[in-house]
Every structure is written in structure tokens, then in C-alpha cells.
Amino acid sequence: MDLKQGIILKAVKYQENHKIITVLTPDGIDALLVRGALNQKSKTFAYAQELTKIEFGYVAKYEQTLKILTAGKIVDNYSQIKIDFSKLNDALLMIELTDQLGVHIEDSATFYHFCDDILRLINVGTQTDYYLVIFKLKALYLLGVGPVFTSCVSCGTRGRLVGFDFTAGGMKCDACHTTGDYFVPAELVAIAKFLYLTKLPDITPEVLTKLPDRKTVMEFIDRYYDYYLGYRSRAGKIINKMN
Ligand SMILES: [Zn+2]
């Protein structure tokens, strides 16, 4: 049987011994029943842990019924993430967002490979603070609400851009901008634009060390998610209280 690849976003107890896992795959988000997964001695125990990359086989009796996992193999359990509080915090915020908003993404293959890349970089990297920022920014594009950085959001001109209007979701030119526009600080826009437009392999550790603390850019992006998608992280609120 051909195995499918996926990243486990969520695992919840089901009946006495089983779990239902939510898995991000190149074809979208799937739910699977994992029999015996609550039993530590069961071989399925390891395939049913949140934040694990697996390969799996499954059966589904009918199209509409829950799929049942029949074979599994761990590809990556992100061991470096799990022993580092900051990395774990960011990875959990990432999978929470994916679990909540991932269904709205049509290009599921691109999204899967993007998540896979970011998690790998957080796992093995040393300069990992900005990966959650990069993830959230680039995911806006796949969610259909990407900020417009390179042209005027009102008329489309690429010249004479004067500032980023938050409630318009993009830059405005000197002809379209009105006095009531709220402009996001230019330094912040420069960082967000750079991270949004630069390909992941080009955002090297050397580049990352030159960036300022992520706090203000993260606040900007969180406000963006709230305003354009009505999304606020539940886990994020708890983590913020703990800090
Ligand atoms: Zn314009």
C-alpha cells in the first residue's frame, strides 16, 4: 500500500482506548481513527501524538465515514522542538492556526510543504525566533488575504507609494491616500514586506540575526489576522499570560 505523508495537528481521546487524529496532508486536512492509541504499549501510540510527522496507510469503508489508520511510520518527531520551550511554543501556535484556518486554504500541497519546511527549520535551527512570523505572514497569501506591498491597493500603480494603510490591506499612492488613513510605521512595513516577499531558502540565519526583536511585527500580524480573518489564538493568550 502507498503510504501518505502528514503532520499531526491534534490528537483527542476517543472511547476507551482510541484516538482521533487531525492530520495535515498534501491533499488537505484529514481525520483518522487510531485504534489502541491510548495504550502506551501499543505500536499505534507513537503515531497519535500531536506535532509528529508520519507516513500512514488507512481504510475507509465509505467515502463519508471516518478513516481508520492501518499502518504508520514516524518520519520526524521534532525532538529538538519538544525540548525547547520557545520552539515548542511557536510550533504549537503554528499547528493551532493550521488546525483552525487550514481548511480555508485551497492550495493544500503548497501549504503542506510550507508547514513541513518551517517545522524542520524550527527543529534544527538556532535562530528560530522569526519562523513563526514568517509562517503567519506567508500563510496570509494562501488564505487569500495577503497584504499588498508592491503596488497601490486602490489604483494599482507601482510608483509614488506613501504608506501601508492597515484597513485597506496594502500600500497607498500619493493620489489615493486621504488624510484619515492610518499608516503602519514604515520600519515595520519594511520588515513585513521583506519576509513576505523573500523565498524561504533566502531568509538565511545571517539575515535573521540582523532583524530586530519580533514583538512589534508579531503584534502587527496578529492584528491583521484578527481584522481580516477574525482569528485570535487561544493558546497565544494563555502563553502571553504566563510570560
Ligand atoms: Zn493609488
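No value in this document is a laboratory result; all are computed from the given coordinates. Remember, it's a predicted structure, so these values are computed and weren't measured experimentally. Because the Cβ atoms are built from the backbone with ideal geometry, glycine has one as well, and the counts that use them run over all protein chains shown.
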### Task
Could you give me the percent of Cα pairs per 10 Å distance bin for segment 67-112, shortest bin first, beginning at zero and ending with the bin that holds the maximum distance?
21, 34, 42, 3
### Task
Give me D for the chain in µm² s⁻¹, whole number, from Stokes-Einstein with Rh from the Kirkwood sum over alpha-carbon pairs, 4 °C and 1.567 mPa s.
66
### Query
Okay, helix-only estimate at 222 nm for the chain: each DSSP H run of n ≥ 4 adds -39500 (n - 2.57), divide by all residues, round to 500 deg cm²/dmol; what do you get?
-11500 deg cm²/dmol
### Query
Tally Lys and Arg at +1 and Asp and Glu at -1 over the other residues with C-beta under 14 Å from the C-beta of Leu200: what net charge comes out?
+1
## Note on the structure
For the chain, averaging the sequence separation of alpha carbon pairs under 8 Å that lie six or more residues apart and dividing by its residue count, the contact order in percent is 13
### Mean-position separation - Cα centroids, segment 111-155 and segment 33-99, in angstrom
23
### Residue-span extension gain [Tyr227 to Asp99] - 0.36 nm each, minus C-alpha spacing
44.2 nm
### Task
Using all C-alpha to C-alpha distances in segment 4-77, build P(r) with 10 Å bins and read off the rounded percent in each one.
23, 60, 17, 0
### Solution diffusion estimate, µm²/s, Stokes-Einstein, segment 44-90, Kirkwood Rh from C-alpha pairs, 20 °C, viscosity 1.002 mPa s
174
### Mean projected area (nm²) of the alpha-carbon convex hull when segment 1-129 is viewed from all directions
8.3
### Query
So which of Lys73/Lys138; Lys87/Lys136; Lys19/Lys43; Lys172/Lys193 end up more than 19 Å apart by C-alpha?
Lys73/Lys138
### Task
Please name which of Pro201, Thr44, His177 has its Cα lying farthest along the dipole of the chain towards the positive end, using unit charges on Cβ (Lys, Arg +1; Asp, Glu -1) and the Cα centre as origin.
Thr44
### Query
Per-residue HN-Hα couplings for segment 202-214, Karplus 6.51 cos²θ - 1.76 cosθ + 1.60 at θ = phi - 60°, whole Hz, x for Gly and Pro?
7, 8, 7, x, 5, 5, 5, 5, 7, 7, x, 3, 7
### Message
Need the full-extension length gain, Val12 to Val59, defined as separation in residues times 0.36 nm minus the C-alpha distance. One decimal, nm.
### Response
15.0 nm
## Note on the structure
Long-range amide H partners of Tyr231, meaning residues 5 or more apart or on another chain whose placed amide H is closer than 5 Å, are Asp226
### Task
At 0.36 nm per residue, minus the direct Cα-Cα distance, what do Thr157 and Leu188 gain on full extension? Give it in nm, one decimal, please.
9.0 nm
### ³J(HN,Hα), Karplus 6.51/-1.76/1.60, whole Hz, each residue of segment 24-34, x for Gly, Pro
8, 10, x, 9, x, 9, 10, 10, 9, 8, 10
### Task
Starting from the Cα of Thr216, step 7 Å toward the Cβ, then list every residue of segment 179-193 with an amide N under 18 Å from that point.
182-193
